[in-house]
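Novice: Let me give you the structure first, and then I'll get to my questions.
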Amino acid sequence: MGLPIPSTPGMKATRQGFGQGLLELGEKYDNVVALGADVTGSVLTSVFQAKFPDRFFSIGIAEQNATTVAAGLALSGKIPFFAGYGAFTTMRNADQLRISVCYNEANVKIAGSHSGVTVGPDGATHQVLEDFALLRALPHLTLVVPCDYEEARRATIAIGELHGPAYLRFSRDNSAMFTTPETPFQLGRAEVLREGNDVALVACGLLVWEALQAAEKLAEKHGIQARVINCHTLKPIDVETLTTAAEECGAVVTAEEHQVHGGLGGAVAEVLAKNYPVPMEFVGMKDVFGGSGDGKDLMLRFGMTWRDIYASALHVIARRDKPTKVRRAVKDVPVYNENL
């Protein structure tokens, strides 16, 4: 099993996949409705609004109110999608998510766009990097972080057909498109995109593409075969796939566009601490806020590119308590090579 990786992938934003998925849901189910917070064009709910104006409700810049309205709509038999900037649909919205949505197990779907540092020039106030930590702790909530346009489209449809609270997180900038409608996707199941037994690279969102590139470099330069796992559903997390990867690889690197505290890395560590502890390394934001700048430059500056996953893989292999040829091969390799 493995995913054919295009050498020159097309580029499209995951928010566009959300917009298309929401449109398809609306065409299929007449009880799907959408709510906006004055950023309709930015988060692509404008596609749904244009086709179904009578099923779209503009609440204004009032995310907390929109979430409460969505809960009421859900309890009345509708399937409401509320989309806004992730910084506000989570952190500003924490109480409403906790009580109005999750406590009531309301069938509300929240979509958080413009997440992570790839928001770029919008700066630290809009670069939500703490949302996983909050959302993972909320009972009854499904949390999905798709890796590209096509997976965002399919994830939107999937959470719409799932009964119960769900949160979908996606980005603003164009990113690599490398999955297809035939690529396996199922809520709650992590997908192995590349086979390998030397180290497991577990990623979500935009970092999945970076992990695939890191795996290719590891194979090319060191003969290291990395298993790449797309952990698009952080909750419920796929315990079986992650535990098997730890057993068969003996070392794990996690990668996410989020704080290393409380995110994907923490979720994977919880699974492995209980089921099969192995050495781990964590790629993500290191307890700092972001800043204004080009999204790609910020990813590089804050250590969330293939280079950082590559270096972390070498480091975790060296830590692993196995005198294998892989460990010998990387024994004298620096952790980070700025020329790569």
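The values are calculated or read from the model by the stated rules, or taken from the named source; none is laboratory data. In this text, all values refer to a predicted model and were calculated from it rather than measured experimentally. Here the Cβ is made from the backbone with ideal geometry for all residues, glycine too, and neighbour counts use every protein chain on show.
Novice: Could you figure out which of (1) under 29 Å from residue 277 (Cβ atoms); (2) buried (at least 24 other Cβ atoms within 10 Å of the Cβ) isn't true of residue 156?
Specialist: Condition not satisfied by residue 156: (1).
Novice: Another question, if that's okay. Return yes when residue 228 is touching a Cys at 6+ places or on another chain (Cβ under 7 Å) and buried (at least 22 other Cβ atoms within 10 Å of the Cβ) and no when it is not.
Specialist: When the stated conditions are applied, residue 228 does not pass them.
Novice: Taking interchain pairs and intrachain pairs at least six residues apart, which have beta carbon atoms under 8 angstrom, with the first residue in segment 309-325 and assigned to a helix (DSSP H, G or I) and of a type in the set (Lys, Arg) and the second modelled with pLDDT of 95 or more and surrounded by 21 or more Cβ atoms within 10 Å (Cβ to Cβ)?
Specialist: Hits for this filter: 319/251.
Novice: Can you name the number of the only condition in (1) among the charged types (D, E, K, R); (2) touching a helix residue (DSSP H, G or I) at 6+ places or on another chain (Cβ under 8 Å); (3) free of Cβ contacts under 8 Å to residues at least 12 places away in the same chain that residue 182 fails?
Specialist: Every listed condition holds for residue 182 apart from (2).
Novice: So, one more: Which numbered condition in (1) surrounded by 21 or more Cβ atoms within 10 Å (Cβ to Cβ); (2) over 20 Å from residue 267 (Cβ atoms); (3) modelled with pLDDT of 95 or more is the only one that residue 55 fails?
Specialist: For residue 55, the exception is condition (1).
Novice: Check every one of the helices (runs of 4 or more DSSP H) wholly within segment 1-91 and list those with 2 or more residues that are in contact (Cβ under 8 Å) with a residue 60 or more places away in the chain.
Specialist: The qualifying helices (runs of 4 or more DSSP H) are 14-28, 40-43.
Novice: What single numbered condition from (1) modelled with pLDDT of 95 or more; (2) within 17 Å of the chain's Cα centre (by Cα); (3) not aromatic (Phe, Trp, Tyr) fails to hold for residue 174?
Specialist: Condition not satisfied by residue 174: (1).
Novice: Here are the criteria: (1) under 20 Å from residue 298 (Cβ atoms); (2) assigned to a helix (DSSP H, G or I). Tell me which single one residue 240 does not satisfy.
Specialist: In the conditions (1) under 20 Å from residue 298 (Cβ atoms); (2) assigned to a helix (DSSP H, G or I), residue 240 misses (1) alone.
Novice: Sticking with this structure for a sec: Return the pairs, sorted by first residue and then second, in which the second residue is outside any strand (DSSP E or B) and of a type in the set (Lys, Arg), the first residue lies in segment 160-172 and is assigned by TED's automatic domain parsing to the domain that holds residue 67, the beta carbons are less than 6 Å apart, and the residues are 6+ apart or on different chains.
Specialist: 170/15
Novice: I've got another one for you. For the condition among the small types (Gly, Ala, Ser), within 19 Å of residue 148 (Cα to Cα) and outside any strand (DSSP E or B), what is the one hit in 215, 246?
Specialist: Of the residues listed, the single one that is among the small types (Gly, Ala, Ser), within 19 Å of residue 148 (Cα to Cα) and outside any strand (DSSP E or B) is 215.
Novice: Next up: Only residues that are crowded, with 23+ Cβ neighbours inside 10 Å and not hydroxyl-bearing (Ser, Thr, Tyr): list them for segment 253-266, please.
Specialist: 253, 255, 256, 257, 258, 263, 264, 265
Novice: Something else: Which number in (1) in contact (Cβ under 8 Å) with a residue 60 or more places away in the chain; (2) not assigned by TED's automatic domain parsing to the domain that holds residue 84 marks the one condition that residue 197 misses?
Specialist: Failing condition for residue 197: (1).
Yes/no matrix, rows are residues, columns are (1) more than 14 Å from the chain's Cα centre (by Cα); (2) over 22 Å from residue 83 (Cβ atoms):
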site	(1), (2)
156	no, no
163	yes, no
167	no, no
181	yes, yes
187	no, no
192	yes, yes
197	yes, yes
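Novice: Can you find, within segment 30-52, the residue that is surrounded by the most Cβ atoms within 10 Å (Cβ to Cβ) among those that are of a type outside the set (Lys, Arg) and more than 26 Å from the chain's Cα centre (by Cα)?
Specialist: So, considering only residues that are of a type outside the set (Lys, Arg) and more than 26 Å from the chain's Cα centre (by Cα), the one surrounded by the most Cβ atoms within 10 Å (Cβ to Cβ) is 52.
Novice: If you don't mind, another one. List the residue pairs whose Cβ atoms are under 7 Å apart, where the first residue sits in segment 272-290 and is touching a residue at least 40 places away in the same chain (Cβ under 8 Å), the second is among the aromatic types (Phe, Trp, Tyr), and the two are 6 or more positions apart or on different chains.
Specialist: 285/302; 290/302
Novice: Within segment 132-154, can you find the residues that are assigned to a helix (DSSP H, G or I) and within 11 Å of the chain's Cα centre (by Cα)?
Specialist: Answer for segment 132-154, where residues must be assigned to a helix (DSSP H, G or I) and within 11 Å of the chain's Cα centre (by Cα): 132, 151, 152.
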